[in-house]
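Below: one structure, written as structure tokens.
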Amino acid sequence: MALGTAMEARRRLDAGTASAVGLARSSLERIGAWDGRLGAILSTDPGRTLACAEAADRRLAAGERTPVLGLPVVLKDNLHWKGTPTTCGSRMLEAYRAPYDATVVARLLAAGAVPVAKANMDEFAMGSSGEHSAFGPTRNPWDEGRVPGGSSSGAVVAVAARYAPLALGSDTGGSVRLPAGFCNVTALRPTYGVLSRYGLTSLASSLDQVGPIGVSAEDVGAILQVMAGRDPLDSTSRALPRLESLFPLRPADLRGKRIGLPAEYWGTGLEPGVRTTLETALGGLRELGAELVPTTLPHTGWALDAYYLVCTSEASSNLARYDGLRYGPRDPDGAATVATVRRNALGSEPKRRILLGTFCLSRGSYEAFYLKALKVRTLIARDFEAAFRQVDLLATPVSPSVAFPLGARVSDPLLMYLSDVFTVTSALAGYPALTVPAGFSEGLPVGLQLMAPPLGDTFLLEAAHGYQQAFPHHLKTPTQLPQETPHGL
Ligand code: GLN
């Protein structure tokens, strides 16, 4: 049997029928056996992993319990785990080793989680497909000819292929939610600030959030609980109310809850198979007693433009540090200019964004583009505020399509950017949003996105847990992957 949900593994660890070392070995073996095909993992450090697992087993034996004690977790390669590579999917950081732990990683380690690998990603988290990594693309385990979605491609695939039941990605404009939808896993973009960004390599600081990924909403709740909250090292971090309710997570009673369906998301652009699958999922929510109400987020049509202006502007500034002096390959002769280092060590997507962002922030363009985008961002946030005066949750598609074939959009940046049309809005507004597996269209996963008001993350997960208990689409795994592991876990 393959690794199941994190909460199943949790119960076995607590009952003494599994060990942290057994789970970690199983996870590493699965990576060794299958990742040549999927390309989800960039590095492992078995010595370090097994040392963490042994420590977790000692704590378990001493009777200690935490929501994640002994559970394997995969980390996106833009999160710092001291002493290990943190490449951000870029040649620029190929030789870089994390000199410290990200706050989220430090908190996971303190709670006894066991990091098993660093995961592939679009370079500097720029991308929607997992094809922009300097170290090769990641493939979708449901159809290896298709993309898994990005930019947290490897972290999501690691959970979809059950290398580990838990992973951390990052979400600037949809990077955990889009791949989760394409790969049938559950992933949260928390309210901005709920997870510390200290030690998460910046793409666009006003948008970046760490995104927990699990098989189920319960899994996500467990890992969120041990990481959430104020961090003196990140001045934008904030406390999450009802933290104690995240583990064990109780299903929300959806009877009488009002779930808004924004007209702008359910219009003509949806693939027919996605629409049919999601309509069935909405029917499921109605069966559970929720009331589905039409609503509107009128500025949605400008969200992508605003997002790509804000994102590229901030990225152009954040990436200035990769100059071959502070970070990046140093020229032994000292002869290389900053321009040479950047030309050779950055891929085409970071270069495109640095150019776009530098242009947006330049004199003359700043007011026309960047400031205008900030104003649109405010209008989008007001749309959400108004909608949430009428409803408890919003439900939308994660993406207008199922996972697309590898290569289909990679040479057309505008088409690639369109993949994020339903995920950038909540990111701009700072609202929490969750991908919930909602069924299949011609064998490929379809995700439903649920959104809540700021700091409503716990209720969001409780609602998804209620849905998942009744409609367990999230438990289906890709059939072409092995269901057995040597350790029987
Ligand atoms: N696909 C979006 C982008 O390329 C989102 C990326 C992200 O969330 N990291 O900007």
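The values are calculated or read from the model by the stated rules, or taken from the named source; none is laboratory data. It should be emphasised that the depicted structure is a prediction, and the values quoted were computed from it without experimental measurement. Heads up, the Cβs are rebuilt from the backbone with ideal geometry, glycines too, and the neighbour counts pull from every protein chain shown. Surface accessibility is based on the protein's heavy atoms, side chains included, excluding ligands, DNA and RNA. Shrake-Rupley method; radii C 1.70, N 1.55, O 1.52, S 1.80 Å.
Treating only the Cβ atoms of Lys and Arg (+1) and Asp and Glu (-1) as charged, compute the dipole magnitude of the stretch 308-385 about its Cα centre; round to the nearest 20 debye.
For this selection, approximately 100 debye.
When the accessible area of the stretch 58-109 is split by element with a 1.4 Å probe, what percent falls to carbon and sulfur?
The nonpolar share, carbon plus sulfur, comes to 54 percent.
Going highest first, how would you order 105-118, 149-162 by mean Cβ packing within 10 Å?
Going from most to least packed, we get 149-162, 105-118.
To the nearest 500 deg cm²/dmol, what mean residue ellipticity at 222 nm is calculated for the chain from DSSP H runs of n ≥ 4 alone, each contributing -39,500 (n - 2.57), summed and divided by the residues?
Computed mean residue ellipticity for the chain: -11000 deg cm²/dmol.
Sort out for me the Cα centre separation of the stretch 274-352 from the stretch 35-67, rounded to whole Å.
The stretch 274-352 and the stretch 35-67 have Cα centres separated by 30 Å.
Using alpha carbon coordinates only, what is the Rg to Rh ratio of the stretch 251-301, with Rh defined as the Kirkwood radius?
On the Cα set of the stretch 251-301, Rg over Rh gives 1.02.
With an 8 Å cut-off on Cα pairs and a minimum separation of 6 or more residues, tell me the relative contact order of the stretch 145-268 in percent.
After rounding, I find 22 percent.
Semi-axes of the stretch 1-154's equivalent ellipsoid from the Cα gyration tensor, sqrt of 5 times each eigenvalue, largest first, rounded to whole Å?
Values for the stretch 1-154, descending: 28, 18, 12 Å.
Could you work out the per residue convex hull volume over the alpha carbons of the chain, in cubic angstrom?
Once divided by residue count, the hull of the chain is 132 Å³.
Post the alpha-carbon centroid distance, the stretch 88-157 to the stretch 194-212, in whole angstrom.
14 Å
Give the accessible surface of the chain per residue, rounded to a whole number of Å², with probe radius 1.4 Å and ligands, DNA and RNA excluded.
Accessible area per residue: 35 Å².
Only Cα pairs under 8 Å and at least 6 apart count here; give the relative contact order of the stretch 401-489 as a rounded whole percent.
Worked out over the stretch 401-489, it gives 22 percent.
Please list, in order, the residues from the stretch 1-41 whose amide nitrogen is less than 12 Å from a point placed 7 Å along the Cα→Cβ vector of ARG65.
Flagged as within label range: 10-16.
With each label point set 7 Å from Cα along the Cα-Cβ vector, what nm distance links ASP305 and SER43?
Spacing of the two 7 Å Cα→Cβ label points: 4.2 nm.
Counting alpha carbon pairs within less than 8 Å and at least 6 residues apart, what relative contact order, in whole percent, applies to the chain?
RCO, the chain: 19 percent.
How far is it, in nm, from the label point at GLU279 to the one at THR296 when both lie 7 Å from their Cα along the line to the Cβ?
Those two pseudo-labels are separated by 2.3 nm.
What full-extension length gain, to one decimal in nm, is calculated for GLU144 and LEU414 as 0.36 nm per residue of separation minus the Cα-Cα distance?
94.8 nm
Counting only protein heavy atoms and a 1.4 Å probe, tell me what percentage of the stretch 301-366's accessible area is made up of carbon and sulfur.
57 percent
Once you place label points 7 Å from the Cα toward the Cβ at ASP14 and ALA95, how far apart are they in nm?
Result: 4.8 nm between the two label points.
Measuring from a point 7 Å past the Cα of GLN480 along Cα-to-C-beta, which residues in the stretch 111-144 have an amide N at less than 16 Å?
Of the residues in the stretch 111-144, 137-144 have backbone N under 16 Å from the label point off GLN480.
Pulled fully out, how much extra length does the chain show between GLU385 and ARG286, if you take 0.36 nm times their separation in residues and subtract their Cα-Cα distance?
Contour length minus the Cα-Cα distance gives 33.3 nm.
Please report, as a whole percent, how much of the solvent-accessible surface of the stretch 122-224 comes from carbon and sulfur atoms (probe radius 1.4 Å).
Solvent-exposed carbon and sulfur of the stretch 122-224 make up 42 percent of the total.
Hand me the tally of lysine pairs in the chain: alpha carbons under 30 angstrom apart, and the pair either on different chains or 8 or more positions apart.
10
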